[in-house]
Amino acid sequence: QLQLVESGGGLVQPGGALRLSCAASGTTWNLLAFGWFRQAPGKEREGISCISRSGINTAYADSVKGRFTISRDNAKKTVDLQMNSLKPEDTAVYYCAAYVTWGSTSCTTNLNEYQYWGQGAQVTVSS
């Protein structure tokens, strides 16, 4: 069984930055692609970014492209999401997720692909 543990959420002012981290344990690291999702009250869960097994391929939703950056650290076995230029509409619960894949150079933000989920981290952007 795979365990995902998130950290780094909190309260920031508009225009500020936060870095979320997701630590993975329990299965083979190099078979996993990762994604970040978010869900605001009254809205469906939205896929905002993903990163392939190799770490070379990444994808972003239009709502965060140019502001958020996903990365993976093979030594620490963590996946990070650097969030810059935060807006009030970024306020949501953010989830780290992973799926086992044989494809090493691609990823998807389709939430139905994901097998494992973290507990969620609250991000609030407010002045």
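Here are a few things to note about the model shown:
- Here segment 61-102 is the region considered, the condition is being of a type in the set (A, V, I, L, M) and more than 16 Å from residue 46 (Cα to Cα), and the residue that is surrounded by the fewest Cβ atoms within 10 Å (Cβ to Cβ) is 75.
Conditions (1) more than 19 Å from residue 9 (Cβ to Cβ); (2) modelled with pLDDT of 95 or more; (3) assigned to a loop (DSSP other than H, G, I, E, B), marked per residue:
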site	(1), (2), (3)
65	yes, yes, yes
70	no, yes, no
93	no, yes, no
96	no, yes, no
103	yes, no, yes
119	no, yes, yes
127	no, no, yes
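- Filter pass, residue 85 being assigned to a loop (DSSP other than H, G, I, E, B), out of contact with any Ser or Thr (no Cβ under 7 Å at 6 or more places or on another chain), of a type in the set (S, T, N, Q) and more than 20 Å from residue 111 (Cα to Cα): yes
- Residue pairs meeting the criteria (Cβ under 9 Å; at least 6 apart or on separate chains; first closer than 14 Å to residue 84 by Cα and assigned to a loop (DSSP other than H, G, I, E, B), in segment 16-29; second open to solvent by 60 Å² or more (accessible area, probe 1.4 Å) and among the hydroxyl-bearing types (Ser, Thr, Tyr)): 16/85; 17/85
The values are calculated or read from the model by the stated rules, or taken from the named source; none is laboratory data. Since the structure is predicted, the reported quantities are computational estimates derived from the model, not experimental observations. Every residue, glycine as well, gets a Cβ built from its backbone with ideal geometry; the counts of neighbours run over all protein chains shown. With ligands, DNA and RNA removed, areas are computed over all heavy atoms of the protein, side chains included. Shrake-Rupley method; radii C 1.70, N 1.55, O 1.52, S 1.80 Å.
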